[in-house]
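Notes follow once the structure below has been shown.
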Amino acid sequence: MATLSVYLSPFAPDYSGVSSVMFDLNTVTAMHDASGCTGNYTGYDEPRWYGSKSPIYCSGLREIDAILGDDEKLIGKMLNAAKDIKPDLMAVVGSPVPMVIGSDMVGIAEELQARSGIPALGFDTTGTAYYDKGVTLATIALLKKFTSKGITIPSSLNILGANPLDFGKGGNLESLKGIIEDRGYEVIACLSMGYDMEALRMAGRAQINLAVSRAGYLIAEYMYQEYGIPYLCGLPFGKVREEEYMDEIRNVMETGRNKIWKGDTYEESEKKILIIGEQVQSNSIREALETEYGERSVVVGCIFGKEENLSSKQDVLLECEKDIIEEMNSGNYKIIIADPFMKQLMKEDNFATFAENALYAVSSKICAEETPLLMGEHFNKWWKKYKSN
């Protein structure tokens, strides 16, 4: 019962992460479930869904199918869909029921590929892990299947770990692209928002990678090992940090050495600011607060998992709603930065200033309009509302 959520809705799961990676590609993507998980993804975890033509299907799994393990029914449906759509790729995505009955999603994908001649991928997602695991799993699978190392394109880069569950409809990503392109750099692939199969194939030729989320960091690590592409992990929040970010891009390009932005470690007992959210984004907010405003003792509360290489000593893992409530109401913080949906977790005697930073993976449509622009000087305008308090 320790992980029971009374106030918060469940955070976006791994199958939504996989599906979001496939969203922009010409695919036949089938979620193997009875329609609940598919509806959860399309209705709550995918802000691009309404008005789109992305072919995400539900297998229509029924009780008798689960009992008899009738994989042929799913395979037949996908083959028929492929005849109409003529996709570049087919993908089969798992959910809790296939996990329980032991469905082999990878095996089903191999059967699909053998019978259709169309590349296919299977993902043994379970719905019990968070979306960033699915994003990492799907992106690396795509890279393995379609991307190879080629002649490096000078002054080029990929953006890795870009996902609507972290970035909403993409205002911050468009701002980031603008900052980069205004300095003369070419964005080859933005994985996984606003890209196509050609960009995916070309991704191995980038000079460096920019990891903009925890999933992006794990993907960047894979690409560094596989293709030798160095990376910068972080986001240019704040006017001063924007210029320093561009300096770091040049430095990584020149030296080939990876760089992670995560903020400083402090031994001070007093804590002042708590940032709850996605780890790389939260680290970048901390970097901006330190550089732009001289703030100290900033703690990142990791709610989707804590990557030690991205952590400072004072950071905490918040594994469930109970952990979040206890940390927020510990009395240690003057300012708490979190999704607006979490404000209800603050007790009446907690007088900390609450700074809103909406995450689609946490509050979906409820707070979607509250996602602030934070790139470059937009961060300074956002923080001005809370700094005076």
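The values are calculated or read from the model by the stated rules, or taken from the named source; none is laboratory data. It should be emphasised that the depicted structure is a prediction, and the values quoted were computed from it without experimental measurement. Positions of Cβ are backbone-derived with ideal geometry, glycine not excepted, and every protein chain shown enters the neighbour counts. Only protein heavy atoms, including side chains, enter the accessible area calculation; ligands, DNA and RNA are left aside. Shrake-Rupley method; radii C 1.70, N 1.55, O 1.52, S 1.80 Å.
Miscellaneous remarks
- For GLY305, the conditions (1) in a helix (DSSP H, G or I); (2) at positive phi; (3) small (Gly, Ala, Ser) all hold with the exception of (1).
- Members of region 308-358 found to be out of contact with any Pro (no Cβ under 6 Å at 6 or more places or on another chain), open to solvent by less than 70 Å² (accessible area, probe 1.4 Å) and among the acidic types (Asp, Glu), listed by number: ASP315, GLU321, ASP323, GLU327, ASP339
- Test for THR125: is it buried (at least 19 other Cβ atoms within 10 Å of the Cβ), outside any helix (DSSP H, G or I), in contact with a helix residue (DSSP H, G or I) (Cβ under 9 Å, 6 or more places away or on another chain) and among the hydroxyl-bearing types (Ser, Thr, Tyr): yes
- Residues of region 184-237 that are buried (at least 24 other Cβ atoms within 10 Å of the Cβ) and either of a type in the set (Asp, Glu) or assigned to a helix (DSSP H, G or I) (or both): LEU200, ALA203, ARG214, ALA215, GLY216, TYR217, ILE219, ALA220, MET223.
- GLU248 open to solvent by less than 60 Å² (accessible area, probe 1.4 Å) and in contact with a Gly (Cβ under 7 Å, 6 or more places away or on another chain): no
- Matching residues in region 160-181 - criterion: being in contact (Cβ under 8 Å) with a residue 40 or more places away in the chain, part of a loop (DSSP other than H, G, I, E, B) and of a type outside the set (Lys, Arg): GLY161, ALA162, ASN163, GLY168
- Selected residue (only one of ALA82, ALA120, ALA30 is in contact (Cβ under 8 Å) with a residue 60 or more places away in the chain, among the hydrophobic types (A, V, I, L, M, F, W, C) and closer than 30 Å to LYS169 by Cβ): ALA30
- Selection of region 80-109 for residues being open to solvent by 20 Å² or more (accessible area, probe 1.4 Å), closer than 17 Å to ALA141 by Cβ and over 24 Å from the mean Cα position of the chain (by Cα) yields ASP104, GLY107.
- Failed item in (1) open to solvent by 40 Å² or more (accessible area, probe 1.4 Å); (2) modelled with pLDDT under 95; (3) farther than 12 Å from LEU8 by Cβ; (4) not polar (S, T, N, Q), with GLU377 passing the rest: (2)
- For region 5-23, a residue qualifies if it is assigned to a loop (DSSP other than H, G, I, E, B) and in contact with a Ser or Thr (Cβ under 7 Å, 6 or more places away or on another chain), and exactly one does: PHE23.
- Single residue of region 4-55 satisfying the filter (closer than 18 Å to PHE304 by Cβ and of a type in the set (S, T, N, Q)) that is modelled with the lowest pLDDT: SER5
- Selected residue (criterion: modelled with the lowest pLDDT) from residues of region 282-307 that are within 16 Å of TRP261 (Cβ to Cβ) and open to solvent by 10 Å² or more (accessible area, probe 1.4 Å): GLU295
- In region 359-371, the residues that are crowded, with 18+ Cβ neighbours inside 10 Å and over 21 Å from LYS322 (Cα atoms): CYS367, THR371
- Any hit, region 99-118, residues being in a loop (DSSP other than H, G, I, E, B) and under 25 Å from PRO10 (Cα atoms): yes
- Top-ranked residue in region 29-43 [being open to solvent by 30 Å² or more (accessible area, probe 1.4 Å) and not in a helix (DSSP H, G or I); ranked as farthest from ASP71 (Cα to Cα)]: SER35
- Top-ranked residue of region 44-79 - restricted to ones that are in contact (Cβ under 8 Å) with a residue 40 or more places away in the chain and under 24 Å from PHE146 (Cβ atoms), ranked as surrounded by the most Cβ atoms within 10 Å (Cβ to Cβ): MET78
- Top-ranked residue in region 251-265 [being assigned to a loop (DSSP other than H, G, I, E, B) and in contact with a Lys or Arg (Cβ under 6 Å, 6 or more places away or on another chain); ranked as least open to solvent (accessible area, probe 1.4 Å)]: GLY263
- Qualifying residue in region 131-149 (condition: in a loop (DSSP other than H, G, I, E, B), out of contact with any Phe, Trp or Tyr (no Cβ under 9 Å at 6 or more places or on another chain) and within 26 Å of PRO236 (Cβ to Cβ)): no
- Among the residues making up region 319-332, a single one is modelled with pLDDT of 95 or more and touching an Asp or Glu at 6+ places or on another chain (Cβ under 9 Å): ASN329.
- Output for region 245-279, where each listed residue is of a type outside the set (Lys, Arg), under 24 Å from the mean Cα position of the chain (by Cα) and within 22 Å of GLU181 (Cα to Cα): TYR245, MET246, GLU248, ILE249, VAL252, ASN258, ILE260, TRP261
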